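Enquirer: The structure's right below; bear with me while I get my questions together.
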Amino acid sequence: MEATVRETVEQKPERLLDRQVIDDQEAVTAAATVGKPFVEAPKMAMRNVNVFYGEKQAIFDVSMDIGSNEVVSMIGPSGCGKSTFLRALNRMNDTIEGCWIEGSLQLEGQDIYDPKLDVVPLRARVGMVFQKPNPFPKSIYDNVAYGPRIHGLVDRRADLDEVVETSLQRAGLWNEVKDRLAQPGTGLSGGQQQRLCIARTIAVSPEVILMDEPCSALDPIATAKIEELIAELSENFTIAIVTHSMQQAARVSSRTAYFHLGKLIEVNDTEKVFTNPEHELTEAYITGRFG
Amino acid sequence: MDTSTLLAVTAALTALAYVIGRGRSLSQAANVGGIRNLNSLPFYYGMLTALWCGLPALALLILWVIFDEPIIHALVIDSLPEQMRQLSGSELGLLINSVENIAAGNSAAMGVDPHLQAASERLISLREASRQALVVVVLCGGLLFGIFGWARVRPQLKARVQVETTFKLALLLCSCIAIVTTLGIVLSVLFESLRFFQTVSFFDFIFGLDWSPQMAIRADQVGSSGAFGAVPLFVGTLLISAIAMLVAVPTGLMAAIYLSEYAGRRLRAVVKPLLEVLAGIPTVVYGFFAALTVAPMIRDNGAVLGLDVSSESALAAGLVMGVMIIPFVSSLSDDVINAVPQSLRDGSFGLGATRSETIRQVVIPAALPGIVGGVLLAVSRAIGETMIVVMAAGLAANLTANPLESVTTVTVQIVTLLVGDQEFDSPKTLSAFALGLMLFVVTLTLNYIALHVVRKYREQYE
């Protein structure tokens, strides 16, 4: 899809010129992000974030907030850096060789890239659901119990049973699996596996859940279930979701961030982004002129 | 013309057949408007002609070599006088033998039966005729079939299909050779073992606690009781293999975990090949390392601790064998650990698991079938290993579980039973086959279990 972007740009040289001007402005200051990137009393606050993979810079000077109990969706063409930015929010990029991050990322005022910070409790507070369902090669029960066990959240077996049941119920999977908790999680269907992964994530009671294109490997019915689930979860959790589907962003989120070539172009209320975007690049994207 | 020259000439003829077959297809292509109108590419027409020439020639050669001798012998026997032809099969065999000897000039010319003398001359002349006829038959056969194949080259001929079918059959033949060889080995071991079990009871062999494979030639001979109880050998084998696995499995597995999960790319690129060098050391080198370095070291250290360690000990052999097996375990485990998808690790890290928790609870369980397979492969290797044990563990068939004593293994006994001149009707020699059969059965069972375990886990995890 990146190729498509380039083609579009080549076809319209005047657009290229426009973007060049915009890019240069953005490189100077984060204030160039239009819309309302900041909220009052944010759950997570990111300022002037740059992410590099070796020599290559993937994220340029991104600043935005994620408010408590809101669903923020991140959209943009492939390769625009939205997944990279999401993975920076709970330091999942740490496992990638040659990746480093500049700027300030705070979770409730605490710098998450503080060298003294232990990454284990951070990831327990900021959970993640991945693009492809990745249940562990364990039983359904053990998949959900994994997080509580490694964090020592429960002392007694009965409590663990309860955590597993509640998590599966909140993920809308309990009725489908309650009779076969001992069977391998890998035996479930794709949509069920993804809900199992969500149950696994909420079993450690995180404050923020990051979702990296959670529905891209699922069929429309399974997608609809996950979307309902996101709406329910937003009552208790803060959710940041990366998605390829603009309809999905429109359905589930309250605010939408549009990324383009590693830069944050616009953050606005979802309704405004999809009806009356402030930035012409956003408009070009949502009307299907690229990506 | 001897056979190798004949083969070379046939090969040349085949190459020629390729060239003219291909040439004919090209000239026919010119008539029908280009290669595109041929059924196959010219290469296939050439190959087909070459096959038509070479295969019949080769078949004739092989058939001739197989049936050459029996037919000549039959003809020679026919020429013998009546009373000699009436002899029984084995006596006739002896007679032919002496005719052969006379023909080869091995018998003294004096006092030879004139009939046999005549027969030997006939044998020589028949051989000469056969050799010449062979050349004519093979070359003419190749030529005739080659011309036939050449004449068949037509644009409609499905040369590609026929050539590919022929090569498919050749591939099938090659895979059959491996199977037939295995089957042959199993059968020969099986029949020799059955002969052994005619003299020694099967249960004495399997459950006997005493191994002393000497047979009395005379009734009054000393020290030749002949006990064939294989239990000490199996216990020795198990003891040494167990020690080896105790060394190899933890070390190899942990090395694999370090290399695949913790080591940086550069370190891994250096360490992994170095580790695999261990697998390239010949076992005989390990053997004298075990016998000359490790065994005396263990004995001396044991003496310091006040232990009575024999100078050839199961411990020495087992330790060195374990080191030898490390690269098997580590290399196979490393491969399966690397094959565990990154998404599983990400999922675990995403829940706040540490690296070691992720390895213990997610990566290793996912990689387990492959690891089990690798370990069982290593066990087979340990059980079958001979050289190190011959050199370091000794020959005494002690029934003991003490690793500081000298023990012996199944493979070592097979070696000692068959080294040197042996008569093949003695139970002493035949017992080697029985041991071989047991070893084969054990290894087969182990492999079967390994496959079963791997399949079971695979169903569960994928």
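Enquirer: Name the single residue, out of those in the stretch B:395-426 being among the aliphatic types (A, V, I, L, M) and within 22 Å of the chain's Cα centre (by Cα), that is most open to solvent (accessible area, probe 1.4 Å).
Expert: So the first thing to find is which residues in the stretch B:395-426 are among the aliphatic types (A, V, I, L, M), and the list is B:395-397, B:399, B:401, B:404, B:407, B:410, B:412, B:414-415, B:417-419.
Those left that are additionally within 22 Å of the chain's Cα centre (by Cα): B:410, B:412, B:414-415, B:417-419.
Numbers: B:Val410: 1, B:Val412: 0, B:Ile414: 36, B:Val415: 57, B:Leu417: 4, B:Leu418: 75, B:Val419: 96 Å².
Looking at residues that are among the aliphatic types (A, V, I, L, M) and within 22 Å of the chain's Cα centre (by Cα), I get B:Val419.
Enquirer: Another question, then. Can you go through A:Ser253, A:Ser167, A:Ser205 and tell me which one is within 13 Å of another protein chain (Cβ to nearest Cβ) and touching a helix residue (DSSP H, G or I) at 6+ places or on another chain (Cβ under 6 Å)?
Expert: A:Ser167
Enquirer: A:Lys263: within 23 Å of A:Phe60 (Cα to Cα) and basic (Lys, Arg), yes or no?
Expert: When the stated conditions are applied, A:Lys263 passes them.
Enquirer: Also, quick follow-up: Just one of B:Ser40, B:Ser25 is outside any helix (DSSP H, G or I), at pLDDT 85 or above and open to solvent by less than 40 Å² (accessible area, probe 1.4 Å); which is it?
Expert: B:Ser40
Enquirer: Taking the stretch A:169-207 on its own, how many of its residues are hydrophobic (A, V, I, L, M, F, W, C) and either free of Cβ contacts under 8 Å to residues at least 60 places away in the same chain or open to solvent by 40 Å² or more (accessible area, probe 1.4 Å) (or both)? So that I can check it myself, show each step before the final result.
Expert: Step one: list which residues in the stretch A:169-207 are hydrophobic (A, V, I, L, M, F, W, C), which gives A:171, A:173-174, A:177, A:181-182, A:188, A:196-199, A:202-204.
Add one more test, that the residue is either free of Cβ contacts under 8 Å to residues at least 60 places away in the same chain or open to solvent by 40 Å² or more (accessible area, probe 1.4 Å) (or both), and what stays is A:171, A:173-174, A:177, A:181-182, A:188, A:199, A:203.
So the answer is 9.
Enquirer: Additional query: Those residues that are within 10 Å of B:Leu404 (Cα to Cα) and open to solvent by 40 Å² or more (accessible area, probe 1.4 Å), I need them from the stretch B:267-309; list them, please.
Expert: Selection gives B:Arg299, B:Leu307, B:Asp308.
Enquirer: If you don't mind, there's one more thing I want to ask. Can you find a residue that is within 14 Å of chain B (Cβ to nearest Cβ), at positive phi and of a type outside the set (A, V, I, L, M, F, W, C) anywhere in the stretch A:70-93?
Expert: Yes: one or more hits.
Enquirer: A further question follows. From the list B:Ala378, B:Ala339, B:Ala392, B:Ala367, which one is buried (at least 20 other Cβ atoms within 10 Å of the Cβ) and within 14 Å of chain A (Cβ to nearest Cβ)? Let's see the steps before the verdict.
Expert: Numbers: B:Ala378 fails: within 14 Å of chain A (Cβ to nearest Cβ); B:Ala339 fails: buried (at least 20 other Cβ atoms within 10 Å of the Cβ); B:Ala392 fails: within 14 Å of chain A (Cβ to nearest Cβ).
One residue alone meets the criteria, B:Ala367.
Enquirer: Residues being of a type in the set (Lys, Arg) and at the interface with another protein chain (Cβ under 7 Å from one of its Cβ atoms): count how many of those fall in the stretch A:120-137.
Expert: Number satisfying all stated conditions: 2.
Enquirer: Hey, another quick one. Taking the stated definitions as given, is B:Ile206 surrounded by 12 or more Cβ atoms within 10 Å (Cβ to Cβ) and modelled with pLDDT under 90?
Expert: Details: surrounded by 12 or more Cβ atoms within 10 Å (Cβ to Cβ): yes; modelled with pLDDT under 90: yes.
Criteria met by B:Ile206.
Enquirer: Of all residues in the stretch A:95-119 being surrounded by fewer than 16 Cβ atoms within 10 Å (Cβ to Cβ) and within 14 Å of another protein chain (Cβ to nearest Cβ), which is nearest to B:Phe349 (Cα to Cα)? Show your work before the answer.
Expert: Within the stretch A:95-119, the first condition is being surrounded by fewer than 16 Cβ atoms within 10 Å (Cβ to Cβ), and the residues that meet it are A:95-98, A:100, A:102, A:104, A:108-111, A:114-118.
Now drop any that are not within 14 Å of another protein chain (Cβ to nearest Cβ), which leaves A:95-98, A:117-118.
Working: A:Thr95: 9, A:Ile96: 12, A:Glu97: 15, A:Gly98: 18, A:Leu117: 16, A:Asp118: 13 Å.
My answer is A:Thr95.
Enquirer: Still on this model: Based on this model, can you work out whether A:Ala182 counts as within 14 Å of chain B (Cβ to nearest Cβ) and farther than 15 Å from B:Ser348 by Cα?
Expert: Values: within 14 Å of chain B (Cβ to nearest Cβ): yes; farther than 15 Å from B:Ser348 by Cα: yes.
For A:Ala182, the condition - within 14 Å of chain B (Cβ to nearest Cβ) and farther than 15 Å from B:Ser348 by Cα - is met.
Enquirer: Quick one: which residue in A:Gly79, A:Gly103, A:Gly67 is in contact (Cβ under 8 Å) with a residue 12 or more places away in the chain and more than 21 Å from A:Arg125 (Cβ to Cβ)?
Expert: Working: A:Gly103 fails: more than 21 Å from A:Arg125 (Cβ to Cβ); A:Gly67 fails: more than 21 Å from A:Arg125 (Cβ to Cβ).
After applying the criteria, what remains is A:Gly79.
Enquirer: Filter the stretch A:146-164 down to the residues that are surrounded by 16 or more Cβ atoms within 10 Å (Cβ to Cβ) and farther than 21 Å from A:Pro184 by Cα, then identify the one that is nearest to the other protein chains (Cβ to nearest Cβ).
Expert: Ranking the candidates gives A:His151 first.
The values are calculated or read from the model by the stated rules, or taken from the named source; none is laboratory data. Keep in mind that this is a model prediction, so the values were computed, not measured. Neighbour counts are summed over all protein chains in view; Cβ atoms, including those assigned to glycine, are modelled from backbone coordinates with ideal geometry. Heads up: the accessible areas ignore ligands, DNA and RNA and are worked out on the full protein's heavy atoms, side chains in. Shrake-Rupley method; radii C 1.70, N 1.55, O 1.52, S 1.80 Å.
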